[in-house]
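The values are calculated or read from the model by the stated rules, or taken from the named source; none is laboratory data. Given the structure is predicted, the values throughout are model-derived calculations rather than measurements. With ideal geometry, Cβ positions are generated from the backbone for all residues, glycine too; neighbour counts draw on all protein chains shown. Side chains included, ligands, DNA and RNA excluded: accessible areas come from the protein's heavy atoms. Shrake-Rupley method; radii C 1.70, N 1.55, O 1.52, S 1.80 Å.
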Amino acid sequence: MNVLDLVRAFFGDGAHWHGYDGIPARLAEHVTYSLAALLLAAVIGLPVGLVTGHYGRGGNALALIATAGRALPSFGLLVLMVLWTGLGLVPVMIPLVVLAVPPILVTTYEAVRTLDPSPVDAARGMGMSEARVLFRVEVPVALPLILSGLRTAAVQIISTATIAAYVGLGGLGRYIIDGLYQRDYEKVVGGAALVASLALSTLALFWAAFRLTVSRGVRARA
Amino acid sequence: MIRIDAVTKRYDDGTVAVDRLSLDIPDRAITVLVGPSGCGKTTTLRMINRMVEPTEGGIFLDGADIRRQPVDSLRRSMGYVIQNAGLFQHRTILDNIATVPRLLGWSKQRARGRAAELMERVGLDAALARRYPYQLSGGQQQRVGVARALAADPPVLLMDEPFSAVDPMVRKGLQDELLRIQAELGKTIVFVTHDIDEAVKLGTMVAVLREGGRLAQFAPPVELLSAPADAFVEDFLGADRGIRRLSFFPSAGLPLETAPLVPLDADAERLAAGADAPYLLVTDADGRPLGWAEPGRPLERDRLLDHGRPFRPGTDSLRSALDGAVLSPTGWAVAVDGEGRALGVVSQRVIGDAIRAAHGRAGADAGAVR
Amino acid sequence: MNGFFDLPSDLQYSYAGLVGLHLREALIPVLAGLVIALPLAQLCVRFRWVYPPVLGLTTVLYSIPSLAFFVVLIDYFGQSETTVMIPLGVYSLVVLVPGIVDGVRSVPRETLAAAEAMGFGPLRRYLQVQLPIAAPAIIAGLRVAVISSLSLVSVGMLIGNQGALGNMLYDASTYHLPLLAVNSVLTTAVLGILADALLVLVRRLLTPWMPRKGAAR
């Protein structure tokens, strides 16, 4: 049986569409974890990235933090957190946020720092306050890159959120972990297909967000 | 000689970049291809080293079809200089210049020695040898580009708008440098530009191309200025071609008046000698001009009128003489020798006569002076 | 005395042994990814139409969770190192290809024209001009690939203890030894940071021609 047959069998089985272990329920759980982690990471990464990028300072410190964040293994962090805090949502959120902050932070910093300085100069010359310069001039032009950082983070979160199932939580990882222990490849492949589809849908969503929010004057920058 | 024989370049989408162009490019001289964008000048240049292949027609180097030669060895026998220099950002200045000699199999040591020699020739400080391109100014990078093109001592140099991306002062310096190097080396240079002033300044021969890649006129600059072939060339030359053309007429033949020249400490007798002149040119003890004074009044150094910009009869053109006269408050131009000592003065009217006389002789023997 | 670096015997490896195993499982795939990515990227540069489908395919591959990837491969390669290394190689490939393509494309047109005019053939142009100028982009890609590869090896623990340093996590949960988990996480992180620093150093040595600037990367 090849992978495509397994996918077909998984989605064709009516039992996979109902109840607490049904696809809609697992998908909703997975989306919830991912969104929560992405929001948390954005709340941390965006302001820090914007401000450091605006003033062009702290790049080296940022690079160190980002490297350290990337170097921490998500799976190990999850196991460690469970040992320290017990089962629950918190030990799952921590590795996901640690995973997602570096791309958001670094891309946002770079996006703002590498902007053409002349419009920023012009804005200051017109008497705009620093906050106004940041939000009216820098962010709109930096937006394509900022979005690409969020997109990278989102895709990584979605793929990594599968490990939540290892510590008893739900989400699409359930199918993969259960499938692994039950030697049920149909479940594993079905779960993987679901995660991949979710990741690709997220890419499409970001593409739509890009079309909606990025000025046509700066689209070439992406 | 490079002979471009009825060459046409037509692209797959039907656009014609070059249309039945024929040119005989003389040896050991600078031939400039000039024209508006889209006139096919760069395409023509790139066909000479086969970076573009013609659709029809042929190009012959000393009578041999360039397609007979392997393309790599053809290219290595022609230096190529482009806008923004196209330096290898990952190599030092010295290694950039040594590129073609290395390709030709020279030892590293010999190639680098040659490169160092060329740095001196194009006016680059030897201390720059170990630097990387990003550490150089635009003008310096362009000099490196010229040195790199000259490295293997190719008989032909192809230059594609090499000086367009640098500021005007630097550009003028690079142009003068090129003329100086050319006087020493005598290469066959094909030079592409969209700047007609550059073309007139550098070209021994100038080919004006029009949109669609057709030749409008091929002539020495002075002939171009005096007898544009048609309205397009005339328009392209711009408004003051009459004045610019004066650059090609020497000022050596101007009759200079010496009577108005008086030293600052002149006695009454000397002053009386110049009393007929409308103005007196006052000089210092060495004979250098200080300024104009009205006759019949005592000479006071700080009441002199500015004498404007003097010209040198041996080297400057009629254009410089006329410019000096126009800038002088008295309408007289001051002629000086190489040391800056006043040789005499000449009025606008006399310069005007000389211009008319020069026009009478035009074409035949006007030339070398710029 | 149970020292920090003394490991339970059922792990079958010393601390240093696990580190070596971890490095091997993480770095061989990156190397393999690079070896495939270089010609693939050049193909994408030469033939523009190749790039979008390659990009699409790699994006899809990248969105497959590593664990699922491992499990599917068990059928073919058993619970082995190979099973762990193949997905890591694929992820590396995915990270490296766009980086290399952008790097090679970033070579200025004038530079390529100059190389062509001096009679560089395609191979010489690739090796002596495009590749050196793309080196910073390639190393930037390698940094991401190496660090994520080192982190992902741990997940291999789930398929029959093929996770090198990750295997410590199994003992840590089973015998409730948080320190063992701390050891695993920190060691992996330190390996990642060291590898990253090494790559930054290599880039510095390879690219003395780059303008120096403080950049967060």
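General observations
- Computed over the alpha carbons of chain C, Rg followed by Dmax gives 20.3, 72 Å.
- Within the accessible area of the range B:2-246 (1.4 Å probe), percent carbon and sulfur: 48
- Local electrostatic count at B:GLN69 - Lys and Arg +1, Asp and Glu -1, tallied over other residues with Cβ under 10 Å: +2
- Computed from Cα atoms alone, the Kirkwood hydrodynamic radius reported for chain B is 23.4 Å.
- Residue by residue, the range B:279-296 carries 3J(HN,Hα) couplings of 9, 10, 9, 8, 10, 7, 4, 7, x, 7, x, 10, x, 8, 9, 7, x, x Hz when phi is fed to the Karplus relation 6.51 cos²θ - 1.76 cosθ + 1.60 (θ = phi - 60°); x denotes Gly or Pro.
- nm² value of the averaged projected area, convex hull over the Cα atoms of the range C:1-106: 8.8
- Chymotrypsin sites (Phe, Trp or Tyr not before Pro) restricted to DSSP loop in the range C:134-217 with at most 11 other C-beta within 10 Å: C:TYR175
- Relative to the longest principal axis of the Cα atoms of chain A, the long axis of helix A:139-160 lies at roughly 20 degrees.
- Proximity of backbone amide H atoms, modeled 1.01 Å from N, is registered between B:HIS307 and B:TRP292 at under 5 Å, excluding neighbours fewer than 5 places apart on the same chain.
- Solvent accessible area, Å² - C:PHE47, 1.4 Å probe, full protein context: 100
- Amide H contacts of B:ARG214 (H built 1.01 Å from N, under 5 Å, at least 5 apart or other chain): B:ASP19
- Helix C:131-153 and the longest principal axis of the C-alpha atoms of chain C enclose an angle of approximately 20°.
- Exposure ranking of C:LEU179, C:LEU7, C:LEU27 by accessible area [1.4 Å probe, largest first]: C:LEU179, C:LEU27, C:LEU7
- Note on the range B:2-246: Lys pairs 8 or more places apart or on different chains, Cα atoms under 19 Å apart, count 4.
- Local net charge near B:GLY340, Cβ-Cβ under 11 Å (Lys/Arg +1, Asp/Glu -1): -1
- Table column - 3J(HN,Hα) (Hz), the range C:95-112, Karplus curve with 6.51, -1.76, 1.60, x for Gly and Pro: 6, 6, 4, x, x, 5, 4, 4, x, 5, 5, 6, 5, x, 4, 4, 5, 5
- Of the residues B:ALA277, C:PRO208, B:VAL146, the one whose Cα sits farthest toward the positive end of the charge dipole of the protein assembly as shown, with +1 on the Cβ of Lys and Arg and -1 on the Cβ of Asp and Glu, is C:PRO208.
- Excluding exposed DSSP-loop GluC sites (Glu not before Pro) (at most 16 other C-beta within 10 Å), longest clean stretch of chain B: B:1-210
- From the alpha carbon centroid of the range C:64-140 to that of the range A:198-212 is 26 Å.
- A simple charge model with +1 on the Cβ of Lys and Arg, -1 on the Cβ of Asp and Glu and nothing else charged puts the dipole of the range A:3-213 at about 360 debye relative to its Cα centre.
- Angle between chain B longest axis and helix B:168-185 axis [Cα atoms, degrees, rounded to 10]: 70
- Taking the Cα centre of the protein assembly as shown as reference, the dipole from Cβ charges on Lys and Arg (+1) and Asp and Glu (-1) amounts to some 840 debye.
- Cα gyration tensor shape of the range B:261-361, rounded if a/c is under 1.5, else prolate or oblate by comparing a/b with b/c: prolate
- Dimensionless Rg ratio for the protein assembly as shown, taking C-alpha atoms and the 2.2 N^0.38 Å reference: 1.33
- Charge tally in the Cβ shell below 15 Å around A:GLY191, where Lys, Arg are +1 and Asp, Glu are -1, A:GLY191 excluded: -1
- Considering only B:LEU224, B:LEU104, B:ILE181, and ranking their Cα positions along the charge dipole of chain B that arises from unit charges at the beta-carbon of Lys, Arg, Asp and Glu, the one farthest toward the positive end is B:LEU104.
- For the range A:3-213: rounded, prolate or oblate by the Cα gyration tensor [a/c cutoff 1.5]: prolate
- Derived scalar couplings between HN and Hα for the range C:170-183 equal 5, 4, 4, 6, 5, 9, 6, 10, x, 4, 5, 5, 4, 4 Hz in order, rounded to whole Hz, by the Karplus curve 6.51 cos²θ - 1.76 cosθ + 1.60 (θ = phi - 60°), x for Gly and Pro.
- Among C:VAL129, C:ALA113, C:VAL95 - extreme Cα towards positive end, dipole of the range C:50-132, charges at beta-carbon: C:ALA113
- Near B:GLY344, the amide H atoms lying under 5 Å from its own belong to B:ALA335; only residues 5 or more places off or on other chains count, and H is placed 1.01 Å from N.
- Springs join every pair of Cα atoms under 10 Å in this Gaussian network model of chain B, and among B:ALA207, B:ALA85, B:ALA227 the largest mean-square fluctuation is at B:ALA227.
- Length available on full extension from B:LEU327 to B:ARG214: 0.36 nm per residue minus the Cα-Cα distance, which gives 36.6 nm.
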